[in-house]
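The values are calculated or read from the model by the stated rules, or taken from the named source; none is laboratory data. These numbers were taken from a predicted model, which means no experiment stands behind them. Neighbour counts are summed over all protein chains in view; Cβ atoms, including those assigned to glycine, are modelled from backbone coordinates with ideal geometry. Heavy atoms of the whole protein, side chains included, go into the accessibility calculation; ligands, DNA and RNA do not. Shrake-Rupley method; radii C 1.70, N 1.55, O 1.52, S 1.80 Å.
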Amino acid sequence: MTLTNQDELYQELILEHNKKPRNFKKLENPTHFAEGYNPLCGDHLTVALKVNDKNIIEDIAFEGSGCAISKASASLMTVNLKGKTVSEAETLFNQFHRLIIGELKSDSETNILGKLAIFSGIWHYPARVKCASLSWHTMNGALHKVKTVSTEK
Amino acid sequence: MARNDGKENKTAKTEQKTSKPMSTSFNIKKIRKDFPNLTTTVRGRPLVYLDNAATTFKPNSVIETLETYYKNECSNVHRGVHFLSEQATKDFEAARQKVRDFINAKKTEEIIFTKGTTNSINLVAQSYGRTFLKAGDEIIISHMEHHSNIVPWQMLCEEKGCVLKVIPINDQGELMMPEFEKFLNPKTKFVALVYISNSLGTINPVKKMIAAAHRLKVPVLIDGAQAVNHLKVDVQELDCDFLAFSGHKLFGPTGVGVLYGKAKYLNAMPPMEGGGDMIASVTFEKTTYNILPYKFEAGTPSIAGVIGLGAAIDYVQAVGLENIFTYEQELLAYGTKLLSKISDLQLIGTAREKAAILAFILPDIHPHDLGTLVDREGVAIRTGHHCTMPVMQRFNVPATARASLAFYNTKEEIDVLAAAILKAKDVFA
Ligand SMILES: Cc1ncc(COP(=O)(O)O)c(C=O)c1O
């Protein structure tokens, strides 16, 4: 298997978000909150959201420990979701999920994901797909009032 | 590095047979040719396989033995009068004899074939534990056990109301012997210990610990999963009451393992599973059980696996465990020195008595990122908790990276690992 640059896992943007994760903080009085675990690698993070009465995500933050992929993915997710409606977030979640398992390949589709498309090569690394998806599953769990999310269910 | 007990050190040394000059029979080039999987390439680079604690590669002789069984000898054991079945039964029982010689058991019937280490430990926990342990009894294990030597005892404790005592480990990753001695008391009814830790590499002074437990007539199970492939294990010399190990970590097939038990215990223990082979006679009124070892071998076993394990033992015996130990200690010393030179790299597990297992962390790179990055250089290491979550908690890390060596590895391969780590550091710089 040869990897093109686009399939390269550790691109600048990922390394940068790993080093300086955005919205990596505690959120006071969240309306939605969940914890996510990846029991295979011990990664653990929490996602907290503040959703207003117009169903808009006013604020979102995460905390926890994990590898560069899971940290950068969580960071990019928070940047992307801030200001979006809950239903837009759900659409993005579905698109992102399809992207990282290698089902979403046409450029037109990836466009709505913007910078998140950086993870498009991760399906080459099956063991790492869950690292990229942990924060998203946790966010989705929080929106649906699931308190604890595990990658192994 | 300070040891807390000088005596303990001496015991461990004598147990492992101090290094002898390497015999000329140890020819690394020739050995590597015997393992076809070593020629694999990963994305155009030669594979450097340093995940031997997870599973080991198989020599041609093992692979050919499996092929011969499936091609020419395929039949069931212990139940046919026809030619093939007699042949398979003969080979199957010959493998039992090889295992007996390998670990120097007193009797052939003390060798039970199981699915692996996990299965062997569960057999003892359920058969011996449920029969002979009761509420309030204490079971001693250590903080560095593999989950397979923790959970079966926890399940037993939950069912019977027994109490689990856990021997702590020091910062080097060695058992704290005075704590063990303090735990031993008349309520102690079982001790289960790992010989060599898969996540730290520590070689525990089990002979001395077995002797201490025996002063209170407490039986001891040794988890030998990582020991039988690195050093000579002699059950009579150790005087352990049970020994568990897996074929696949000993250059043999998956799906087969061994439980050694002293006949006096195995005879007193009830079978764990009922079915074919384990019975002497069956009527609806009463079934009588077969004798050892068959009492514990219900159903059709992994016949090819057992015969293949016999071939693996032949191979290891031919290379010689003393040669293997000496060579691997050289690799370990080389690797320890090389990795220690990498700035910020912290070795987890620096016991004085160690097998060739190098676990480490880097402060700025999560082990999983490191694993993926060195994999791109063709290097296979394991990252994670290695089925020893309490060890990770003890050292306050979520995971480690681990290079575990076998006698077919080389110093050049350790060089490739070190270079790959440096490259990964560059990516994260
Ligand atoms: C020390 C130790 N004990 C037990 C086991 C379990 O062996 P198996 O999975 O073959 O049953 C392992 C395997 O990783 C091990 O390293």
**Item:** Nearest-20 debye value, the protein assembly as shown charge dipole, Cβ charges on Lys, Arg, Asp, Glu
**Value:** 860 debye
**Asked** Just going by the charge dipole of the stretch B:63-317, with Lys and Arg at +1 and Asp and Glu at -1 on Cβ, which of B:Thr287, B:Gly255, B:Leu193 is farthest out on the positive end?
**Response** B:Thr287
**Request:** Using a 10 angstrom cutoff on alpha carbons, build the Gaussian network for chain B and name the most mobile of B:Phe183, B:Phe284, B:Phe251.
**Result:** B:Phe284
**Fill in**
Result for the stretch A:5-148: accessible area per residue, probe 1.4 angstrom, in square angstrom, of 46 Å²
**Asked** From a point 7 Å beyond the Cα of B:Glu273 in the direction of its Cβ, which residues of the stretch B:285-311 have a backbone N at a distance under 13 Å?
**Response** B:295-303
**Request:** Using 0.36 nm per residue of separation minus the Cα-Cα distance, give me the extension gain between B:Phe26 and B:Asn104 in nm, one decimal.
**Result:** 25.8 nm
**Complete:** Buried by partner chains in the stretch B:396-413 (accessible area down by at least 30 Å² vs chain alone, 1.4 Å probe, heavy atoms, protein only) are B:Pro398
**Complete:** Given a Förster distance of 35 Å, the FRET efficiency implied by the Cβ-Cβ spacing of B:Asn76 and B:Ala318, rounded to the nearest 0.05, works out to 0.70
**Request:** Taking the Cα centre of chain B as origin, work out the dipole magnitude from +1 charges on Lys and Arg Cβ and -1 charges on Asp and Glu Cβ, in debye rounded to 20.
**Result:** 600 debye
**Message:** Probe radius 1.4 Å, ligands and nucleic acids left out: can you give me the accessible area buried at the A-B interface, summed over both chains, in Å² to the nearest hundred?
**Reply:** 1300 Å²
**Message:** If I compute solvent accessible area with a 1.4 Å probe over the protein chains, what percent of it on chain B is carbon and sulfur?
**Reply:** 54 percent
**10 Å Cβ neighbours from other chains, averaged over peptide B:368-377** = 5
**Message:** With unit charges on the beta carbons (Lys and Arg positive, Asp and Glu negative) and the dipole taken about the Cα centre of the protein assembly as shown, which residue among B:Pro271, A:Pro39, A:Thr91 sits farthest to the positive side?
**Reply:** B:Pro271
**Asked** Of the GluC sites (Glu not before Pro) in the stretch B:220-325, which ones lie in a loop per DSSP and count no more than 11 other C-beta atoms within 10 Å?
**Response** B:Glu285
**Net dipole in debye of chain A [+1 Lys, Arg Cβ; -1 Asp, Glu Cβ; about Cα centre; nearest 20]** = 300 debye
**Prompt:** Hey, any idea what % of the stretch A:22-153's accessible area is carbon plus sulfur with a 1.4 Å probe?
**Reply:** 53 percent
**Complete:** Expressed in nanometres to one decimal, the distance between label points 7 Å along Cα→Cβ at B:Lys182 and B:Glu93 is 5.3 nm
